[in-house]
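**Student:** Sharing a structure here in structure tokens format.
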Amino acid sequence: MKSLKIKLSSKLYLFLFLLVSIWFMSFCSYTSPFFYFDYSPDNNCFFTVGKALMHGILPYKDVFEQKGPYVYLIHGIAYLINHYSLVGIFPFEVISLFFTICIVYKISLLYTGREYAYVVAILSPIFQLFHPYYDYGDTVESLLFPAMMSLIYVLLKGEKNNFNISRISWGLQGFLVGLTFLMKYTLLGSWIIFYISVFTYYFVHKLWRKIGKLIQWSLIGFLLAVLPWLIFFVLTKSLPAFIHVYFYENMHVYMLSNNSFFAKFIESLTIYSGFLRNDPLIFLCGFLGYVYLLISNTTFKTTVGKTIFVLMMIANGAFVIYGYHSSQVYQYYELSFFPYLLVPATCIIIRLLNHFKFKVNFQNESFVIMGSILISFFLVLGVNNNILSSRIFPNNASVTLRTTNHPQEPAQIVFGNIMRKESNSRPTMLNYGSIDMGFYTTSGALPSNYYFQNYNISYQKDPHILNDQQNIIRRHKVQWIVLNTPEEKTIRQWKGDPLEKGKISDGNINPGTSKIAYLLLKNYYIITHHTQSFESTNVTYWLLKRRSLDKDKHKAHHNEITIKRNFLH
């Protein structure tokens, strides 16, 4: 019993890390119950496809979307937790940050004692929650952050022991390769370099048994992650659709640069270099931190270890943004650079604690830990101000632009409640012209057509998307239409961005509605509209209902007169 008590008390740090993860995520992730709604188009898109998957509607075959199947499975589980919001993703976000903190703690233990390791681990969330790279939360980069950290941990631990890596570690990394492959394969750069480098090291030193262990256990882990989906796609006859969308569409339609392979690689490195100069903290932990790691022997003892780390870092940076121009890189992509900032940051903090001979003992340990939590929380709030859009600040711009003391709700919740009420909780709707704005989420509607939303693809590259949506409007196939325009623009007035015709513009606003206004308002009438701010753009959301009965026509006429008066006013 005494031994059991000692073991339990020694694991209390896990409970502390969990509490820290819950607390920090509550203030930073839009999936938190502290927030009204997660406005991210991508996150709502994942949720819509995950919800469809739970109802037997197949990704890639029945609905068009290009992320990996594990993304939709996670969001499908979130749908089972809560049908009308993304709060079901919050536990996944907490687990992700919790694992990151734990891995940083393990990394710190390689170079210092338990007391300092606590401090370093508690200070680490700033790197995973750094805004705008961590924007709304719930990105693949955020969910896979601890997976990337675990690979770095295996490298650091292996380098200290002649790369003697256990079967469990190889099996886990094989599984994480499969998981990443079926979530977002552009994040695989680090693993590719790591496997090539370690295999080469074993081959040069004729370590045949270790090569066998590497291949065998990594393959087992990889198959555990990939084989269930392969069987699923074969049984549902959706394997060709998966291959076409997930691989061909991503590589050919979404790829923005037409430069050569070498030019794209150099462009990626240029973007990564620019990222390292973007912020003082990033520059300190990045560029200067990398120089410190390379010239000192405090972290890596061998040239081989340093070389592998640098190659992993470069490959990671190049793969993530390969094929993109600097002005077209979404900043949340760059969150995947931050695991490589955590390593020099960890070493710098440990070096500072040693330099100032900071003592942590039994008497002041609790004070030091609580102080570290407060400092870490203060730093996180310094780099992530998402809390300003939460329920703690009612009637903020993300909810409404009206000046009022009466509690308001965002358009997504208002429209969702209307659709559920008037359709007996079984609405059919179309999100016209933009990426999923969250109305599928709040209404509970399932996607009823292949292109249930628009995408970051120009009309010239794939005209089928908007043509298919306009055909739905022409045949009035769905009960509800939701679309958006810039503030103070009506459906008839909005012609789209003249500089980027056929593309979604800032604020996730559709390419224009004036050309389809006659057809749209002939088959549908306006129920209500709501204006709020999204990504520094004031956006008006419109809810339209299918015309059917005479009473609906009378109601439509009344609504249109009211809305005209509001705009004139």
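The values are calculated or read from the model by the stated rules, or taken from the named source; none is laboratory data. Since the model is a prediction, treat every value here as computed from it, not as a measurement. Using ideal geometry, Cβ is built from the backbone for each residue, glycine included, and neighbour counts are taken over all protein chains shown. We work out accessible area using only protein heavy atoms, side chains counted, and drop any ligands, DNA or RNA first. Shrake-Rupley method; radii C 1.70, N 1.55, O 1.52, S 1.80 Å.
**Student:** Just to compare against my own numbers: the Cα pair-distance distribution for segment 427-474, 5 Å bins, whole % per bin, please.
**Tutor:** 5, 23, 32, 24, 12, 5, 1
**Student:** Next question, about the same structure. How large is the Rg to Rh ratio of segment 113-153 when both quantities use alpha carbon positions and Rh follows Kirkwood?
**Tutor:** Ratio of gyration radius to Kirkwood radius: 1.05.
**Student:** For helix 365-383, report the angle its Cα long axis makes with the longest principal axis of the Cα atoms of the chain; keep it between 0 and 90° and round to the nearest 10°.
**Tutor:** The helix 365-383 is inclined about 40 degrees to the chain.
**Student:** Using only the alpha-carbon atoms of segment 266-354, report the extent along each of the three principal axes, biggest first, to the nearest angstrom.
**Tutor:** For segment 266-354, the Cα spread along each principal axis is 42, 27, 16 Å.
**Student:** Check segment 27-183 and count each lysine pair with an alpha-carbon distance under 18 angstrom, considering only pairs eight or more places apart or from different chains.
**Tutor:** Going through segment 27-183 pair by pair, I get 4.
**Student:** How big is Rg to Rh over segment 33-74, alpha-carbon atoms, Rh as the Kirkwood inverse-mean-distance radius?
**Tutor:** 1.02
**Student:** Which whole-number value in Å² is the accessible area per residue of segment 398-556, probe 1.4 Å?
**Tutor:** Roughly 46 Å² per residue, with all protein chains present.
**Student:** Quick one: the Cα spread of the chain along its three principal axes, in angstroms, biggest first?
**Tutor:** 80, 52, 50
**Student:** For segment 223-307, count the residues as N, evaluate 2.2 N^0.38 Å, and divide the Cα radius of gyration by that value, please.
**Tutor:** After normalising by residue count via 2.2 N^0.38 Å, the value is 1.74.
**Student:** To continue, here is another question. Relative to the longest principal axis of the chain, what angle (0 to 90°, nearest 10) does the C-alpha long axis of helix 411-422 take?
**Tutor:** With both axes taken from Cα atoms, the answer is about 60 degrees.
**Student:** Among M25, Y322, G113, which residue has its Cα positioned farthest towards the positive end of the charge dipole of the chain, with +1 placed on the Cβ of Lys and Arg, -1 on the Cβ of Asp and Glu, and the dipole taken about the Cα centre?
**Tutor:** Checking the options against the dipole of the chain, the answer is G113.
**Student:** Using the Cα centre of the chain as the reference point, and only Cβ charges (+1 on K/R, -1 on D/E), how large is the resulting charge dipole? Debye, rounded to the nearest 20.
**Tutor:** 1020 debye
**Student:** I would also like to ask the following. For F99, F37, F265, write out the residues from largest to smallest accessible area, computed with a 1.4 angstrom probe and no ligands counted.
**Tutor:** Largest to smallest exposure gives the sequence F99, F265, F37.
**Student:** I would also like to ask the following. For the chain, what is the mean residue ellipticity at 222 nm derived from helices alone (per DSSP H run of n ≥ 4: -39500 (n - 2.57); sum divided by total residues; nearest 500 deg cm²/dmol)?
**Tutor:** -17000 deg cm²/dmol
**Student:** According to the Kirkwood expression over distinct Cα-Cα pairs, how big is the hydrodynamic radius of segment 414-502, in Å?
**Tutor:** Its Kirkwood hydrodynamic radius stands at 13.9 Å.
**Student:** Then there is this: Pairing the Cα long axis of helix 339-355 with the longest principal axis of the chain, what angle in degrees results, from 0 to 90 and rounded to the nearest 10?
**Tutor:** 50 degrees
**Student:** When the distances between all Cα atoms of segment 341-450 are binned every 10 Å from zero, what whole-number percent does each bin get?
**Tutor:** Pair shares across the bins are 11, 23, 20, 15, 16, 12, 3.
**Student:** Then there's this: Just tell me which aspartates and glutamates come within less than 15 Å, Cα to Cα, of K301; anything on the same chain fewer than 8 places away is out.
**Tutor:** E159
**Student:** Only Cα pairs under 8 Å and at least 6 apart count here; give the relative contact order of the chain as a rounded whole percent.
**Tutor:** Here the relative contact order equals 17 percent.
**Student:** Whole angstrom only: what separates the Cα centroid of segment 78-146 from the Cα centroid of segment 20-45?
**Tutor:** One Cα centre to the other: 13 Å.
**Student:** Sorted by accessible area (1.4 Å probe), largest first, how do W494, W170 line up?
**Tutor:** Sorted by accessible area, descending: W494, W170.
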